[in-house]
Amino acid sequence: MNDTIKTKKQLIDELKKLRRKVSHLDKLKVKGRKEEEAFSESEEKYRTTFESTGTATVIIEEDTTLSTVNSEFERLCGYSREEIEGKKSWTEFVVKEDLERMKEYHRQRRTEEGAAPTNYEFRFIDRHGNIKEIFLTTAVIPGTKRSVASLLDITERKRAEEALRHSEERYRTLTANIPVGVFRTTADPEGHLLSVNPALARMFGYNKPEAMSETRVADLYLNHDDRKKFVEAVSSAGAISNYEVQFKRKDGTSFWGSLNARAVTDGSGKVAYFDGILEDITERKRAEEALRKQKEKAQRYLDISGVMFVVIGSDQKVSLINKKGGEILGYSEEDIIGKNWFDNFLPERTREDIKARFDVLMSGEKDPDPYFENPILTKDGEERIILWHNTILTDDSGKIIGNLSSGEDITERKQYFSDLNEYSKALESLLKERSEFFSMASHELRTPITVVNGYLDIMERNLEDMDRAQIHETIKKAMEHSERLTLLVETLLDISKIEDAKSILSSEVCEIEPIVKRALNLCEHQAQEKQITCHFEGFDCGDRKPYVIGDALAIENVLLNILGNAIKYSNEGSEVIIRCDTEDDTLRLDCIDQGIGLPPGVEKRIFEEFYRVEQGGELKKSGTGLGLSIARRLVERMGGRIWAHSEGLNEGTTVSFTLPLAKSKNLAEKE
């Protein structure tokens, strides 16, 4: 019984143990399932990471086979994954020169921990034979003989580094041998030298650049303030060129330098340092100073000369002009130098012709004329005539570089000779006219005297046989010729009086209508002889009668001369009209006839002394040719003007003249 119970207990215990084992197995089963799921998830993450590294990545077996590669490696080598994985060795992608070294690294990495480097560079060969520079990172996968490697293509970076290396080498060679100073300094006013080349060290009296390492930049300037000005200029402008300033050498002597520099900024835009070059221009400055003194000396000689000097380069621009030249042109020297001579200082009408002459001189095809004159254009637009003497300028090689011209202003001289020539012609014409006039006047004077003497001789010889009527007729004819003689003499006296400067016309307020009517009455007999009607059309002046300022007798004389001339040259049975009108402050009188008119070109000449209109080369009417000349002189003496107009021969003539109107207060006084 006990054995049976014991057995049952044992069975129960065994059952319990069995249950615990089952329970444990169940737990192990659940845990295994979770671990399997975790491993699967981990493997997925690993695969994703492997593909997404952004660099070519591979897993290498101990026998160098590439068991796994990502898409970046496919792009790097040019093969597909199917062509690589499990089929190709990494040794196929390494250049021959690097292969043995990398095989040794492969062995050491698996047999001697830490012996092989984890990062190094090698040259990679792709499918097409292109060689690429690669930076490799590799490590053994723990617990295996496999390794994982990442390949970064650094070909472009290596090329850039190589180019930079060559550039830096060239820069170092250049700065070490260039004859001008090259520097880098801090951007503060005191300044510290960051680098200098040998030429700059020698420039300041040092035997090598290192000897200047403790030198303050400001101490290199002759004037410390010039360093501050330089810093301000470069910092504000960003760069400067040809900045001239004086510097001080180690031994205390000074020299002139020309700076070209730029400000280099950091990432925040703040000026970090200055890079620049310095050229010793002492000799150039001395040469410039010597040239300046020579130029000033030459300029003084040029300025005291009485003629203008101008140097025109082959480019047609002015490079030098003296004081006299500026005075004639009306410009300052600064306004002339550098300007195109032909485009700015010659009249447009002569510009192209003189340019062409200049181009011929510059080509050397022709020697300059000893003297040449042409007009120049001043600032005020006035033309001045210059007589030039030209000299060709050449450089040391004989090449023509310009022209030196000395010019004398002959404007007044030319005008004087022109006026003299015109005066000579006018005098010659006047003498001819006077000779003709005196010949005619002599004839005109002799004719009435001869006639009068003839009539008196007739009366003396036939007086006893003549009746009263015959005697009266003879005396009447003698008196007519005597009156003609008197008129001629009076005309000559009138001219003499007008030409006499001491003869002064009165200036009074005159009513014009009575003067016109009186002149018409005096000419009535002359008009009736030719059955010519003379009448006055009145005034177009409203209700108020016009008054003028002048000499009443002189105005009457003007009208008599104009009316007499109109009647003389009018056809029988025609009419002569006097018309009056006012214009602004003047009164205008028109005398209109229907006579023979005027040929073209003589409308002004009929007012000249002794001039009479000719037709067919012969004088049509007798007369002195002085009437209209006297009228012109009188009108001008009274402040007016006179003119004539005709449409041509046989079209009649209108002679007009003006006189100043009287002011209202004078009208009141007259009334």
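Hull surface divided by four, with the convex hull built on the Cα atoms of the range 153-310: how many nm²? Each step should come with its number before you reach the end.
Working: hull surface 58.1 nm².
Orientation-averaged projected area of the Cα hull: 14.5 nm².
R0 = 41 Å: FRET efficiency of K250 with L164, Cβ-based, nearest 0.05? Don't skip to the end; give the middle numbers.
Numbers: r = 35 Å, r/R0 = 0.86.
With R0 = 41 Å, the Cβ-Cβ based efficiency is 0.70.
Over the Cα atoms of the range 266-416, Rg to Rh with Kirkwood Rh, two decimal places? Each step should come with its number before you reach the end.
On the way: Rg = 20.5 Å, Rh = 17.8 Å.
That ratio is 1.15, to two decimals.
Give a quick list of trypsin sites (Lys or Arg not before Pro) in the range 305-373 that DSSP marks as loop, anything other than H, G, I, E or B, with at most 12 other Cβ atoms within 10 Å. Please list the in-between numbers first.
Details: sites: K317, K323, K324, K339, R349, R351, K355, R357, K366; in loops: K339, K366.
Passing sites in the range 305-373 are K366.
At a Förster distance of 60 Å, what's the computed FRET efficiency of Q108 paired with S241, Cβ-Cβ distance as r, to 0.05?
Working: r = 61 Å, r/R0 = 1.01.
Taking R0 as 60 Å, the efficiency between Q108 and S241 is 0.50.
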**OP:** Enumerate the amide H contacts of S314 below 5 Å, restricted to partners 5 or more residues apart or on another chain; note that Pro and chain-start residues carry no placed amide H.
**Re:** G402
Subject >> the range 133-184-the range 318-388 distance, computed between alpha-carbon centres (Å) >> reply: 66
Original post:
Given the Cα-Cα distance of T118 and E92 and 0.36 nm per residue of separation, how much length would full extension add, in nm?
Top reply: 7.3 nm
**OP:** For the range 221-262 and the range 403-428, compute the distance between their C-alpha centroids and round to whole Å.
**Re:** 59
Original post:
How much accessible area does M203 have with a 1.4 Å probe, in Å² rounded to the nearest 10?
Top reply: 20
Subject >> Heavy-atom accessible area ranking, 1.4 Å probe, most first, across L194, L361 >> reply: L194, L361
Original post:
How much solvent-accessible surface does E483 expose, in Å² to the nearest 10, with a 1.4 Å probe and all protein chains in place?
Top reply: 120
Subject >> Estimated inter-spin distance, E352 and D266, nm [label 7 Å along Cα→Cβ] >> reply: 6.7
Subject >> Gain in span if fully extended, L420 to E85, counting 0.36 nm per residue against the direct Cα distance >> reply: 108.9 nm
**OP:** Take the Cβ-Cβ distance between E327 and N521 as r, set R0 to 56 Å, and report the resulting FRET efficiency rounded to the nearest 0.05.
**Re:** 0.30
Subject >> Contour excess over end-to-end distance, with Cα ends at E428 and T378 and 0.36 nm allotted per residue >> reply: 14.4 nm
Original post:
For W256, what accessible area in Å² do you get when you roll a 1.4 Å probe over the heavy atoms of the protein chains, rounding to the nearest 10?
Top reply: 80
**OP:** Extending each Cα 7 Å along its Cβ direction at K477 and K339, get the distance between those two points in nm, one decimal.
**Re:** 8.1
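The values are calculated or read from the model by the stated rules, or taken from the named source; none is laboratory data. What you are looking at is a predicted structure, and each value in this text was computed from that prediction instead of being measured. When we count neighbours, we look across all protein chains shown, and the Cβ atoms used for this are built from the backbone with ideal geometry, even at glycine. The accessibility values were calculated without ligands, DNA or RNA, using every heavy atom of the protein model including side chains. Shrake-Rupley method; radii C 1.70, N 1.55, O 1.52, S 1.80 Å.
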